[in-house]
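Enquirer: Here's a structure for you.
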Amino acid sequence: MTVEQNVLQQHSQKHQQTLLNQLREVTGTTDVQLLQQALQASNGDLAEAVAFLTEKNAKVPQQDEATYYQTAQVNNDRYISVGSQADTNVIDLTGDDKDDLQRAIALSLEESNRAFRETGITDEEQAISRWVLEASIAENKASLKRTHTEVWSDSPNPHDRKRQENCPVGLKNVGNTCWFSAVIQSLFNLLEFQRLVLHYSPPARMEDLPRNQKEHRNLPFMQELRCLFSLLVGSKRKYVDPSRAVEILKDAFKSSESQQQDVSEFTHKLLDWLEDAFQIKAEEDREGEKPKNPMVDLFYGRFLAVGVLEGKKFENTEMFGQYPLQVNGFKDLHECLEAAMIEGEIESLHSAEISAKSGQEHWFTELPPVLTFELSRFEFNQTLGRPEKIHNKLEFPSMLYMDRYMDRNRDITRIKREEIRRLKEHLTVLQQRLERYLSYGSGPKRFPLADVLQYAMEFASSKPVCTSPVEDIDTTAPPGATTALLPPPARQGSSRMHLSHPSAPALQRVSIHKPFTQSRVPPDLPMHPAPRHITEEELRVLEGCLHRWRSEVENDTRDLQASISRIHRTIELMYSDKSMMQAPYRLHAVLVHEGQANAGHYWAYIFDPHQQRWMKYNDISVTKSSWEELVRDSFGGYRNASAYCLMYIDDKKPFLIEEEFDKETGQMLSGLDKLPPDLKEYVEADNKLFEREMEEWDALQARKLQQEKLALAAASVAPQPMSTEPSAPQHDPEYMEQQSPTGDSKHLQEDTERAISKAAAEHDEKSPEVLLNTAMKVEYTRLLRFAQEDTPPERDYRLLHIIVYFIHNQAPKKIVERTLLMQFADRNLGFDERCKSIMKVARAKLELIKPDEVNMEEYEMWHQDYRKFRDTTVFLLIGLELFLKKSYVESLMYLIYAYQYNKELLAKGPYRGHDEELIAHYRRECLLKVNEHAAALFETGEETKVNAGLSIMNELVVACIPLLLVDEMEEKDMVAVEDMRNRWCSYLGQEMESNLQEKLTDFLPKLLDCSTEIKSFHDPPKLPSYSTLELCERYGRVMTSLTLSRTPADGR
């Protein structure tokens, strides 16, 4: 066998192994023989091999086959295989088989392991990913029983599925359909598109139309889309089911005519179907005239292709819908557009001479009202034989001006492009010159030239210091012995050191044995690098040269940096004149993909122009968002999430997002009023069904609750008569309520379910009451262990749980018991029957507690103190974070209120609050920094800065001084106040302009007022809401930073 044949065989084997791995990953089949059989039957075609295995598995289920773990738990990431069918087998994680669990985790992390090899993700991050997956899967096992045909299960309580007032409606994931939700929600929130769909009516002569495949598919889909849109407008449900519309789409994708490739392909097909459906209607409405298709008018534009092909010039006009852009190699959207508009060699386009070079330019002649950019973030890796996602960061603006790409501005743009090209060439030269200054040297390690000269200057001016006094060293002594009082040899050529020699003959002392002398540093070596021989004259000349050279280098560096900044600024402002800002497009929606090329999850960020905020549409979850969150998830370079589609709308066409108004009353239409009669009737019928479902649920729960009360009363040893008065509703404290699945309730819920599981493992008896008592003991024991642990300042377990705080402060037993019972009475405890039954018993026990058993006023007081403790912590950590960032003015108010709240808590007990001395120290230091900042502004003498400085003093410093003077026992605070006053009084003896003197005279009496009365003060800053885990993490981080930054001078 030749070398070439050997190489080819190895390559063939490697390619076959790659296909086997991909097939195993997609289908989950672990039988190697079956995989090889599928590849042989499909002649190496991966898609046909998948279809072969899917059909085979459908006929003969494989119990031990591993597949993708597909979760549909609310707010969990759902990873779908692009182009996969909804009936893909899934691993059954509802049982207790740990092997299934580990296979699911391994499959989910398989793609991440590739990313580690290619991008350098650390083992620690891999461990975190595994931990997150294990926690997510464990949560699903506890709360969701899923079958192969039911990918996602609704909450049995319809009140959990009720729409909040004015909140947008979500779309249920019915099996790998997050791509559908992202696209449909983006289009639905285009109000003009929404109106077109809602008011679409099928052709009147639909029965007479030739029922080809397109019409057979498109018209029913349009009807289902109308129904879906009407539910998104007026449903009382939190989310609606799009199954019927999705099924039509999936059937179309399965046909040989159109295979789904990715979400971009789906969007193309969707617009094509909508265009066809509206075209049928348009042709019926305008017989004899050229029909006008609203979908074409809304989403399609035109561009002019101008180019040279084999030396011949050409021009032609083309229509476009979604405009594709390459991401790889570009840093922002404008760079992508510039590259997409120019292909090949274009120099010949700008000259009269015709060359043989080929190339073309694109110039938009007509832009659509809705301009959609398709970002190509996937490329095929020839080496690995599979597609890969491009995770590079790509920035895009919220307002995009398209003037530079318009045909009407062709000549201006070409001039500006040429100017930018010239500037970039000059910029490259300047950056290379600057690099020579900043990375000086010829070896592998390089340093800034100014630093090198500074180091040389420091070396030249250093004086040698020996390791021991010269008089005590005899270099002629034998090893292991030392001789003293011998005159040292004189240094040659040195005028800087003059040693006096004894005139009397030196006496030789007896050698003294010093066993460690031989291991010492040789005596002539200095303690630090320094010149051995240098005269004063040489040093003076050298220092002068080095100082002059360093100044020259620093000046050159500054000039280069300034020139580079000017060029950058010039390039940025090249298209900022008004003539190039006449085609504004505002960002409407960003469709995001998270994952890898062959699997991932999709969601959308959509701008709400009426509320002026971004919203995140993630299947059934619709939440408020922000531009900062959008940037983090959409630009790329963070995790594996990035935008794959950008939807801009013409900012000069407000009808695209304007609400509809009643023509008679002028009132804005909302809800069901926006719907035509047939859809209004459809939505009203669905709402009645949902209301009936809630009524039936309420009746069922009322019956169950009554039965449970009777059962508990009968089982009681000393049954009490049932009260006829309705009991007050039980309200969980704010910090125990469920804000979101990532909030405190989820944290408490996990702890509670863990305690219940442990209790169930310890007891054979499974009655809910016994399990509740045992679980409460387990949870209390865990929290007691936290309370007894001696922890450093950065780990405060009182923030972790209210019971720990109560134990620290010796709260009454009844208060602790009721609080713990409230934790187990949480309505959101879980969906499994064991947790639900324990929750019901806990709630029944709460209702049976008599008023004389627990003092509710005392109970509320303890909980109010804990709320204040958490507020104090938030004030403190935000204040310290701002202090460490040197934002002293912003930090001061947080530290002031942290001290005041903490002082009130500590008055009730030593463990009610935080370290008072710590807060007092940073409050004092912050006040001194603010005073210094205000004084520096005053010293500038500029009117605006002087006023700003005095405003800071009057509003912050003067207002805070009485707080420091109230407690005269704090000597450091008194000293700080005197320092601040002395700083301003020192200006009295200085010459200054009369207006400054007048301002200072008016201000000083306020500063020197010794009264401790707090005359006026700011309201406390509004605190953000933190979950328990986030609060503990941030508090620990800031306390650790303080520990690292403290110095002995702090006195801490």
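The values are calculated or read from the model by the stated rules, or taken from the named source; none is laboratory data. Owing to the predicted nature of the structure, the values given are computational and were not obtained by experimental measurement. So basically every Cβ, Gly included, is an ideal-geometry build from the backbone, and we count neighbours across all protein chains shown. We work out accessible area using only protein heavy atoms, side chains counted, and drop any ligands, DNA or RNA first. Shrake-Rupley method; radii C 1.70, N 1.55, O 1.52, S 1.80 Å.
Enquirer: Please verify whether region 893-914 includes one or more residues that are of a type in the set (F, W, Y), more than 34 Å from the chain's Cα centre (by Cα) and outside any helix (DSSP H, G or I).
Expert: Yes, region 893-914 has at least one match.
Enquirer: Ok, one more. Taking region 525-569, which residues are in a loop (DSSP other than H, G, I, E, B) and open to solvent by less than 80 Å² (accessible area, probe 1.4 Å)?
Expert: L525, H528, A530, P531, I534, T535 - these are the residues of region 525-569 that are in a loop (DSSP other than H, G, I, E, B) and open to solvent by less than 80 Å² (accessible area, probe 1.4 Å).
Enquirer: Right, something else. Of the numbered conditions (1) farther than 25 Å from Y585 by Cβ; (2) open to solvent by less than 80 Å² (accessible area, probe 1.4 Å); (3) modelled with pLDDT of 85 or more, V327 satisfies every one except a single condition; which is it?
Expert: Here V327 clears every test but (1).
Enquirer: Let me ask another. Only one of (1) open to solvent by less than 40 Å² (accessible area, probe 1.4 Å); (2) assigned to a helix (DSSP H, G or I); (3) closer than 17 Å to H801 by Cβ; (4) of a type outside the set (A, V, I, L, M) fails for D826. Which number is that?
Expert: With respect to (1) open to solvent by less than 40 Å² (accessible area, probe 1.4 Å); (2) assigned to a helix (DSSP H, G or I); (3) closer than 17 Å to H801 by Cβ; (4) of a type outside the set (A, V, I, L, M), D826 is out only on (2).
Enquirer: Restricting to region 639-678, name every residue that is of a type in the set (F, W, Y), open to solvent by 30 Å² or more (accessible area, probe 1.4 Å) and either in a loop (DSSP other than H, G, I, E, B) or touching a residue at least 40 places away in the same chain (Cβ under 8 Å) (or both).
Expert: Of everything in region 639-678, just one residue is of a type in the set (F, W, Y), open to solvent by 30 Å² or more (accessible area, probe 1.4 Å) and either in a loop (DSSP other than H, G, I, E, B) or touching a residue at least 40 places away in the same chain (Cβ under 8 Å) (or both), namely F655.
Enquirer: I would also like to ask the following. Kindly evaluate H914 against the criterion of being at pLDDT 90 or above and touching a Ser or Thr at 6+ places or on another chain (Cβ under 8 Å).
Expert: yes
Enquirer: On to the next question. Could you check region 620-667 and list, in sequence order, the residues that are aromatic (F, W, Y) and closer than 30 Å to K172 by Cβ?
Expert: W627, F635, Y638, Y644, Y648
Enquirer: How many residues does region 845-864 hold that are open to solvent by less than 40 Å² (accessible area, probe 1.4 Å), modelled with pLDDT of 85 or more and either more than 38 Å from the chain's Cα centre (by Cα) or under 19 Å from R703 (Cβ atoms) (or both)?
Expert: Final tally of qualifying residues: 1.
Enquirer: Looking only at region 829-863, which residues are closer than 18 Å to I803 by Cα, in contact (Cβ under 8 Å) with a residue 12 or more places away in the chain and assigned to a helix (DSSP H, G or I)?
Expert: Selection gives A842, L846, E858, Y859, W862, H863.
Enquirer: Is it the case that region 392-406 has a residue that's in contact (Cβ under 8 Å) with a residue 60 or more places away in the chain and more than 34 Å from the chain's Cα centre (by Cα)?
Expert: Yes, there is a match, as at least one residue in region 392-406 is in contact (Cβ under 8 Å) with a residue 60 or more places away in the chain and more than 34 Å from the chain's Cα centre (by Cα).
Enquirer: Answer yes or no: is there a residue in region 785-792 that is of a type in the set (G, A, S) and part of a helix (DSSP H, G or I).
Expert: Yes: region 785-792 contains one or more residues that are of a type in the set (G, A, S) and part of a helix (DSSP H, G or I).
Enquirer: Say we look at region 912-960 and pick out the residues that are more than 30 Å from I807 (Cβ to Cβ) and of a type in the set (K, R); which of these is least open to solvent (accessible area, probe 1.4 Å)?
Expert: The selected residue is R924.
Enquirer: Of the conditions (1) surrounded by 14 or more Cβ atoms within 10 Å (Cβ to Cβ); (2) under 28 Å from the mean Cα position of the chain (by Cα), K886 satisfies every one except a single condition; which number is it?
Expert: (1)
Enquirer: Within region 570-594, can you find the residues that are outside any loop (DSSP other than H, G, I, E, B) and among the aromatic types (F, W, Y)?
Expert: The answer is Y585, and nothing else.
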